[in-house]
Amino acid sequence: MSKRNFKHRHVIFQLILKFEDMLEKGRVRFPDEDPYHNLIDYYEHEYLLERALEVTDHALVQYGQSADFYLRKAELLLENNQAELALALLDQVDAMLPDCLSSSLLRAEALAALDMHDEAIALLESIKDHNDPAALSDIYVCEGLIFEQMKDYERMFFVLKAALRENPTNDEALSRMWYCVEYARKYEESVELHERILDEYPYCSLAWYNLGAAHHYLCNHEKAIEAYEYAFLTREDFHFAYRDCAEVCLYVQDYMKALQCYQEVLERFEPDADLFLHIGLCYKHLGNPLLARTFYEKAVVFDPWCDEAHFRIGECYAAQKQWQKAISAYLKAIRIEDRHEEYYAGLGEAYCKVGNLKKAETFLREAADIAPDDAAYWIKVVRFLMDQGRIKEAIEVLDEAEEYTYDTQLLYVRSVCLLSLGKKREAYLVLEEALCEDFEAHNSLFHLMPVLEQDKEVRAMIAVFQPE
């Protein structure tokens, strides 16, 4: 059963006050059914199901012959995990309105909630001879929900596809489809299905959204962005379309377009910490760290426990070489979430900059311990030790790293360490292996030890392995 649109919030609050006043006086009565429906919608939307049920009971006292309120109560009972009570109530509806489609659909949902899936599907099969395509579409959607409970996403996909064949603009079917496609991994089929719908209904925003999601999973990023844009152009209040479009834009490093999407969200909807965080990321990549930090700080105001926002603030301070402030921000991030390797790496590098080498080493090693399969964090430890002239210890760290991961960069770093120890023969053997595996990465040698750029033997080796 579709929910009625909410009136403006202040009108609803006035209605709630009136309802509460009636309760205190011991008699609830409204001149028509609409106030009851509006109250039920509000409480259901706020997940106050017991309160919604209370309103429904008062509605049934006044309008006991209205099947709508029996159906609404059955629906609420199902949401409240009271399927047996819902079935009993639906028996009353069937006595009042034989062959009521809404009652049959709710009954199937109740049977499924009681793990009577075969009975629920049999019931739906028995009413599929309905001649109305819109009704048949709703039946297929209900069947899809049952297959979803059974985690049979393959069959769920096909019945939702059938629902859309009967009614291509069925919002419930379209809303469920994007979730189903992900679990059934029907991305190509989803593209074909939604393109067919859009050929006939080009303003169907949910179909554009699902098309965008399918292209996103298939890594067709430009097509995904285009589809998401059509989704929010055809429906200006499509919150998720703006957000998901921005996410793809971030992925392809189109930071200006991502920022535009997030700004639309900021103008149209209630902000949250995640929104401010992502706006900050856009400004960071667009080269405006001060504005980026402003939005990270807004994220922290909205959610003081947003560890990533604290970390990003630390990054901004580090970029400005304000190391003590960076350390403070990194520590806040770690206190909230202590299993993110990048937080420890940032903290270790900041301590290194202020000359606290003991803490720097501790936190850089912690980063490598948290993410042992990521060579980048081992290399940070090795470079720290090399800067301290502790080359043998650096090689020991490389030995340890190779127990957990493999990366050509580790070979280049090892060759530099061996050269630093004067072990040229060993160094050149390692360098030869690195050049064979990833020639393009050889410039890392010169970042680690700039003097090697003038080393004739090293340059000769690089020339030998230069791809033709």
Between residue 324 and residue 119, what is the label-point separation in nm under the 7 Å Cα-to-beta-carbon projection? 7.2 nm
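State the extension gain, in nm to one decimal, for the chain segment bounded by residue 437 and residue 63, taking 0.36 nm per residue of separation less the distance between their alpha-carbons.
Values: separation 374, 0.36 × 374 = 134.64 nm, distance 7.88 nm.
Computed gain between residue 437 and residue 63 is 126.8 nm.
Going by C-beta contacts inside 10 Å, put 310, 215 in order with the fewest on the left. Mind dumping the intermediate values first?
On the way: 310 26, 215 23.
So the residues, fewest neighbours to most, are 215, 310.
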Starting from a Cα-only point model with no solvent, please compute log10 I(q)/I(0) by Debye for the range 325-380 at q = 0.12, 0.30 1/Å. -0.22, -1.19
Karplus-derived 3J(HN,Hα) from phi for the range 351-365 (6.51 cos²θ - 1.76 cosθ + 1.60, θ = phi - 60°), whole Hz, x at Gly and Pro, runs 5, 4, 5, 8, x, 8, 5, 5, 5, 4, 5, 4, 6, 5, 5
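Would you please calculate the Kirkwood hydrodynamic radius of the range 1-97 over all C-alpha pairs and express it in Å, rounded to one decimal? All intermediate terms of the calculation are to be shown ahead of the outcome.
On the way: mean 1/r = 0.0727 Å⁻¹.
By the Kirkwood definition, the hydrodynamic radius is 13.7 Å.
Rounded, prolate or oblate: pick one for the range 151-240, where a ≥ b ≥ c are the square roots of the eigenvalues of its C-alpha gyration tensor, a/c under 1.5 means rounded, and failing that, prolate if a/b is larger than b/c, else oblate.
Here the range 151-240 falls in the oblate category.
Evaluate 2.2 N^0.38 Å with N set to the residue count of the range 78-153, then give the Cα radius of gyration divided by it. Let's see the in-between values first.
Values: Rg = 12.0 Å, N = 76, 2.2 N^0.38 = 11.4 Å.
Ratio of Cα Rg to 2.2 N^0.38 Å: 1.05.
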Compute the helix-to-body angle for 424-437: its Cα long axis versus the longest principal axis of the chain, expressed 0 to 90° and rounded to tens. 30 degrees
Between the DSSP loop rule and a limit of at most 10 other Cβ atoms within 10 Å, which GluC sites (Glu not before Pro) in the range 373-424 are left? 403
Going by Cα centres, the range 116-160 and the range 325-382 are how many Å apart? 53 Å
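Using helices alone, I'd like the mean residue ellipticity at 222 nm for the chain: each DSSP H run of four-plus residues gives -39500 (n - 2.57), total over residue count, nearest 500.
On the way: 27 runs with 352 residues, N = 468.
Only helices count here, giving -24000 deg cm²/dmol.
How much of the calculated P(r) for the chain lies past 31 Å, in percent of all Cα pairs? Provide the component values of the computation, followed by the final result.
Details: 69293 of 109278 pairs.
Of all Cα-Cα distances in the chain, 63 percent exceed 31 Å.
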Using Cα atoms only, what is the angle between the long axis of helix 49-62 and the major principal axis of the chain, expressed in degrees (0 to 90) to the nearest 10? 10 degrees
Inter-label distance, nm, simple model (7 Å from Cα along the C-beta direction), residue 267/residue 465: 5.3 nm
State, to one decimal in nm², a quarter of the convex hull surface area for the C-alpha atoms of the range 407-468, i.e. the direction-averaged projected area. 3.7 nm²
Over the alpha-carbon set of the range 356-441, work out the extent along each principal axis and list the three values in angstrom, largest first. 36, 26, 21
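May I ask for the net charge around residue 374, where only other residues with Cβ less than 12 Å from the Cβ of residue 374 are counted and Lys, Arg are +1 while Asp, Glu are -1? Before the final figure, lay out each step's value.
Working: positive: 380; negative: 341, 342, 369, 373, 407.
The answer is -4.
Could you calculate the FRET efficiency of residue 9 with residue 362 from 1/(1 + (r/R0)^6), where r is the beta carbon distance between them and R0 is 51 Å, rounded to 0.05? It would help to have the intermediate numbers written out before the result.
On the way: r = 52 Å, r/R0 = 1.02.
According to the calculation, E is roughly 0.45.
Please arrange 383, 339 by counting, for each residue, the other beta carbons lying within 10 Å of its beta carbon, fewest first. Each step should come with its number before you reach the end.
Numbers: 383 16, 339 9.
Ranked by crowding around the Cβ, least crowded first: 339, 383.
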Full-extension gain between residue 256 and residue 101, please, as 0.36 nm times their residue separation minus the C-alpha to C-alpha distance. 50.9 nm
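Each value in this text was obtained by applying a stated rule to the coordinates, not by laboratory testing. Keep in mind the model is a prediction, meaning the values are calculated, not measured. Neighbour counts are summed over all protein chains in view; Cβ atoms, including those assigned to glycine, are modelled from backbone coordinates with ideal geometry.
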